[in-house]
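Heads up: the structure comes next, in structure tokens.
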């Protein structure tokens with residue numbers, strides 16, 4: 001029996017494909033699903049300790065009667081944020097990523113399946129505390145906010161432009177500390193507007209309640225904008 | 001090296017895994033047995049460090065169809081359209097100045113993505129596979 005001769009042949013393939021194409025497809029699916037159920041998805045990005053969970057607790061308290069809220073929390077370790085938010089009587093899902101420094105669309109799709117999304121008006125996604133990597137992953141959100149707390153300093157916007165550039169709003173948190181620190185909200189406005197002239201800046205304190213009204217109003221407005 | 005660079009390396013590793021997934025998928029589509037070369041364009045407006053990406057790729061590729069592949073990375077500058085005067089200009093970071101009016105930044109037109117440009121794959125070719133001509137000839141005989 002004659003042995004067949006195997007030859008290796010090289011083939012060039014032009015791909016021109018976005019490396020994150022797979023994530024984009026899932027993100028699109030999420031966005032479409034959430035739009036069908038009229039559930040506003042808001043992705044919250046920030047450094048660790050900027051006050052995402054505290055802001056969500058205050059938001060749940062203030063808005064809970066008016067809008068049905070759900071939360072997806074991402075952390076590298078622990079369920080501590082999840083426990084706090086469950087304490088506010090809102091449906092919550094915790095994603096523990098292990099080593100992954102950001103959330104991806106596939107994780108969100110799974111998490112949304114665990115929420116009564118048909119009954120929810122808003123789902124906040126509390127991303128893993130990190131100003132670099134989360135910026136690159138579309139989670140299917142309708143709007144994205146980046147938090148920056150007063151103790152962190154205004155130059156965070158210059159040092160970590162990716163998150164701020166891709167956001168619809170910058171939320172300056174912990175403004176109750178302004179009297180103790182040298183922080184110029186005006187500089188945050190200047191830097192952020194160089195990245196995106198249409199970006200909104202809201203300065204608030206979840207602790208004292210200052211500025212919370214503007215934040216809540218923006219969420220209501222976004223819901224209207226998205227679903228009429 | 002501090003905590004910051006550890007976080008970054010994990011990020012490039014996760015991207016390297018996604019890269020390998022994407023090229024393996026393409027390999028399966030065309031019936032290739034291995035990937036030997038990948039050209040990746042890294043936009044300067046992404047948070048990716050090319051050296052970290054190369055390092056991560058060398059580890060991530062083990063055991064995959066791209067196990068023996070070389071990764072070539074081309075850094076792409078950011079193309080802006082000035083917010084104020086709409087002039088298109090190139091820059092290396094997101095706070096670059098418009099050469100026309102001097103204002104900072106602009107709408108990013110390109111340079112904010114990671115693009116798998118092209119790949120080279122190995123396909124097995126069977127030399128003794130009968131061509132249509134040969135088959136016809138043996139039939140006539």
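The values are calculated or read from the model by the stated rules, or taken from the named source; none is laboratory data. Predicted model only: the values in this text are computed from it and were never measured. Please note: Cβ atoms are built from the backbone with ideal geometry, for glycine as well, and neighbour counts cover all protein chains shown.
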Checklist entry - When you scan the stretch B:34-49, how many residues do you find that are at pLDDT 95 or above and more than 8 Å from chain A (Cβ to nearest Cβ)? => result 9
Item to check | Condition check for residue B:59: away from chain A (no Cβ under 12 Å) and not in a loop (DSSP other than H, G, I, E, B) | outcome: yes
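Looking only at the stretch B:97-127, how many residues end up being under 17 Å from residue A:166 (Cα atoms) and touching a residue at least 12 places away in the same chain (Cβ under 8 Å)?
10
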Checklist entry - Which strands (runs of 3 or more DSSP E) sit wholly inside the stretch A:111-228 and have at least 1 residues that are over 28 Å from residue A:96 (Cα atoms)? => result A:200-203
Next on the checklist: Taking the conditions exactly as written (in contact (Cβ under 8 Å) with a residue 24 or more places away in the chain, out of contact with any helix residue (DSSP H, G or I) (no Cβ under 6 Å at 6 or more places or on another chain) and within 26 Å of residue A:156 (Cβ to Cβ)), does residue B:59 satisfy them or not?
Outcome noted: no
Checklist entry - How many residues does the stretch B:21-56 hold that are part of a helix (DSSP H, G or I) and touching a helix residue (DSSP H, G or I) at 6+ places or on another chain (Cβ under 6 Å)? => result 3
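To keep it simple, each residue is scored yes or no on (1) more than 21 Å from residue A:223 (Cβ to Cβ); (2) out of contact with any strand residue (DSSP E or B) (no Cβ under 6 Å at 6 or more places or on another chain); (3) away from every other protein chain (no Cβ under 14 Å); (4) surrounded by 22 or more Cβ atoms within 10 Å (Cβ to Cβ).
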{"position": "A:125", "(1), (2), (3), (4)": "no, no, yes, yes"}
{"position": "A:132", "(1), (2), (3), (4)": "yes, yes, no, no"}
{"position": "A:138", "(1), (2), (3), (4)": "no, yes, no, no"}
{"position": "A:155", "(1), (2), (3), (4)": "yes, yes, no, no"}
Checklist entry - Would it be correct to say that residue A:196 is modelled with pLDDT under 95 and touching a helix residue (DSSP H, G or I) at 6+ places or on another chain (Cβ under 9 Å)? => result no
Next on the checklist: For the stretch A:24-47, which positions are within 14 Å of chain B (Cβ to nearest Cβ) and either part of a strand (DSSP E or B) or modelled with pLDDT under 95 (or both)?
Outcome noted: A:45
Checklist entry - Restricting attention to the stretch B:8-17, which residues are facing chain A (nearest Cβ under 9 Å) and farther than 14 Å from residue A:133 by Cα? => result none
